[in-house]
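The values are calculated or read from the model by the stated rules, or taken from the named source; none is laboratory data. Owing to the predicted nature of the structure, the values given are computational and were not obtained by experimental measurement. Note that each Cβ is placed from the backbone with ideal geometry, even for glycine, and that neighbours are counted across all protein chains shown. These area figures cover heavy atoms from the full protein model, side chains too; ligands, DNA and RNA do not enter into them. Shrake-Rupley method; radii C 1.70, N 1.55, O 1.52, S 1.80 Å.
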Amino acid sequence: MPPTDASTDAGTAPRTGARDRTGSGADSQDTLDLRLPDDFLALFAGGAETGATGEDLLDGVGDWGPKATPVGAFQLAPVRIDRDLPLITRWMNDPAVAAFWELSGPGTATQEHLRAQLDGDGRSVPCLGLLDGTPMSYWEIYRADLDPLARHYPARLHDTGIHLLIGGVAHRGRGLGTILLRAVSDLVLDRRPSCARVVAEPDLRNTPSVSAFLSAGFRFSAEVELPDKKAALMVRDRALRDLL
């Protein structure tokens, strides 16, 4: 998938008000720094246990299963730090990725980024993307309606956001971003019946990125002023998924 500011397949990083690790203002507060109120969490009681709160806010990403695509079977596998940290760290140190994710260097930076999600309340799940069983991309599936991004657009309950990077150079420049965007947004809509929309927020200046989302069935919804960029709010609607 096109990155926020550069070539088409390096990745779309969470460098917005939705998950800005360096910002100090309220609008750039990290998603994982926001604690959900206890009365809100009580609404989700009874779900499968994931995350520190024991609540499953994303309907069991690890159990979504594979999705057939024109290039093979694709599946999301929640990250295990003991198994996956070296691979993800290597991807994060690719210059094309590092420019946007800002997690290059020793594995400690990547480990902290992953651990914050894995030890959080379950609103963001880091995953490897497996194509025919081979890890080739990194994803973050998150509850956009519970994210600071929701301050910048008219969020709806259960809106689900996605971030992506394609890891290996051999997998870039082949149009995989559009194929995988459609596959993952299909998985979200298939496995999360309460979710009516999948959202993303690429930089508005990145025409190839916006084009990839459009080709994957997303529509351009609005220009959104985020703390560090003007974004194109891209939305894939359940009601329109068979038309776009």
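Where the centroid of each part is defined by its Cα atoms, how far is segment 83-134 from segment 163-182 in Å?
Each part reduced to its Cα centre gives a spacing of 16 Å.
Counting C-alpha atoms alone, how compact is segment 87-164: give Rg to one decimal and Dmax as a whole number, in angstrom.
Looking at segment 87-164, its Cα Rg and Dmax stand at 13.8, 38 Å.
For segment 163-244, with all protein chains present and a 1.4 Å probe, just round the carbon and sulfur fraction of the accessible area to a whole percent.
With neighbouring chains kept in place, the figure for segment 163-244 is 54 percent.
Highest mean first, what order results for 168-175, 182-189 on Cβ atoms within 10 Å? Please report the intermediate quantities before stating the final value.
Numbers: 168-175: 13.9, 182-189: 22.6.
Averaged packing, sorted descending, gives the order 182-189, 168-175.
Give me the 1.4 Å probe accessible area per residue for segment 185-235, excluding ligands and nucleic acids, in Å².
36
Ranked highest first by average number of other Cβ atoms within 10 Å, how do 197-209, 128-140 line up?
Per-residue Cβ counts within 10 Å, averaged per peptide and sorted highest first, yield 197-209, 128-140.
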